[in-house]
């Protein structure tokens with residue numbers, strides 16, 4: 001399964017304001033115009049042509065949890081983890 005759908009696993013970021021961090025990522029990708037579908041049901045889920053992400057705040061800790069998946073492209077997962085991490089860390 002991991003070969004067909006490689007994923008980052010859950011990556012945690014310690015942030016002061018999870019909602020603000022989620023909005024920063026949402027604005028970042030909205031400006032790029034690459035999003036195929038966005039869902040705000042549980043944090044932020046965005047689907048792109050070759051990958052997708054889910055970003056949500058923890059209910060018990062000041063953490064933001066990131067998961068990234070692609071279709072048969074582990075290298076792309078690693079690249080997108082770096083890309084999504086930038087607006088969270090800034």
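A few points about this structure:
- Fewest-first ranking of 26, 89, using other Cβ atoms within 10 Å as the exposure measure: 89, 26
- Panel order for 28, 36, 71, by other beta carbons found within 10 Å of each beta carbon, from fewest to most: 36, 71, 28.
- The range 11-89, relative contact order [Cα under 8 Å, separation at least 6], %: 31
- Taking the three principal axes of the alpha carbon atoms in the chain, the coordinate ranges are 34, 27, 24 Å, sorted in descending order.
- Computed lengthening from residue 61 to residue 23, 0.36 nm per intervening residue step minus Cα-Cα distance: 11.8 nm
- If the chain linking residue 81 and residue 34 were pulled fully straight, counting 0.36 nm for each residue of separation and taking away their Cα-Cα distance, it would gain 15.3 nm.
Every read-out reported here was derived from the displayed coordinates using simple, explicitly stated rules and does not represent laboratory data. Computed from a predicted model, the values in this text were never measured in an experiment. Please note: Cβ atoms are built from the backbone with ideal geometry, for glycine as well, and neighbour counts cover all protein chains shown.
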